[in-house]
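Have a look at the structure below before the remarks.
The values are calculated or read from the model by the stated rules, or taken from the named source; none is laboratory data. All values derive from a computational prediction rather than experimental measurement. Here the Cβ is made from the backbone with ideal geometry for all residues, glycine too, and neighbour counts use every protein chain on show.
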Amino acid sequence: MTLEMLKDELELEIWQQLDLVTDPELDEPITEMGFVELVEVDLDSKVVEVEFRLPTYWCSPNFAFLMAFDIRHEIGRLKWVQGVKVTLNDHCFADRVNEGVNGEKDFNEVFREYCNGEELSAVRNKFLEKAFIRRQETVLLALEERGFSSEKIVEMTLEKLDSIRFDSGEEEKQKPRYRSLLVSRGLAKTASDRAFVTWDGERLTSSGLREYLGKLRGVRINMEFNGALCRGLQSTRYKEVEIGEDGPTLVDFIHNRVPPRRAETHS
């Protein structure tokens, strides 16, 4: 294997790990959102460098820190990686986020004046709840579409849910993601446990399922609105990313890809 082939293989592994990092507000992988701008591997030191950029200059520092932290964490899980450098570009808190994450500082130490002493785990838990709700609603609606009654849904075990196959669509994507979060939170531990409970572990009832779905819908609509807004801002900010034959673009100047023009002198 050539060095170039090895580098391509390692970079592919990194991208696979980056697929696991999500925008906490939207519950979408940062790779699909197009946030990642650079992945670089130093074959000698086995140090990985990742640069990313968010849709706006003023995106929440909570979101930025979480994503930077998760990038470092997920890539660091690869056994061959000896070091990770994460760089957030073009953000009002970029210096603070980069210094904090790469310096392995605590979230409340970096943003003490903004988080009221809140731990990173508490911030993350809020977004995980939204992710849980969005994923669960998708699966519940898909089951209703399949003809499952409210009684069968609320009594459904994890084993039964595992036996149901969705061949396409959002439900196929969200079912394993919902299951993963359900199990990792300890809401279902065995195959005979209920497949559908609230984020707090309360059992659902057939009589209350419609009202419960209404609450889930409200959270999902809010996330979809934020997602649409985010993508709109992103499409404007990321409109141009390379210096083409016609010369530099606005983004090239933002990234300092173009040296300052010297003043012309006249004799």
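Brief remarks follow.
- Residue in segment 2-22 that is in contact with a His (Cβ under 9 Å, 6 or more places away or on another chain), surrounded by fewer than 20 Cβ atoms within 10 Å (Cβ to Cβ) and assigned by TED's automatic domain parsing to the domain that holds residue 100 present: no
- Residue match in segment 61-70 (condition: over 14 Å from residue 90 (Cβ atoms), out of contact with any Leu (no Cβ under 8 Å at 6 or more places or on another chain) and free of Cβ contacts under 8 Å to residues at least 40 places away in the same chain): no
- Which listed residue, of 172, 151, is surrounded by fewer than 18 Cβ atoms within 10 Å (Cβ to Cβ), more than 24 Å from residue 24 (Cβ to Cβ) and modelled with pLDDT of 95 or more: 151
- Of the helices (runs of 4 or more DSSP H) lying entirely inside segment 90-198, none contains at least 2 residues that are over 30 Å from residue 51 (Cβ atoms) and in the same structural domain as residue 29 (by TED's automatic domain parsing).
- Some residue of segment 176-195 being of a type in the set (D, E, K, R), modelled with pLDDT of 65 or more, in contact with a helix residue (DSSP H, G or I) (Cβ under 7 Å, 6 or more places away or on another chain) and under 30 Å from residue 89 (Cβ atoms): yes
- The lone exception for residue 66 - which of (1) more than 13 Å from the chain's Cα centre (by Cα); (2) under 27 Å from residue 174 (Cβ atoms); (3) surrounded by 15 or more Cβ atoms within 10 Å (Cβ to Cβ) it fails: (1)
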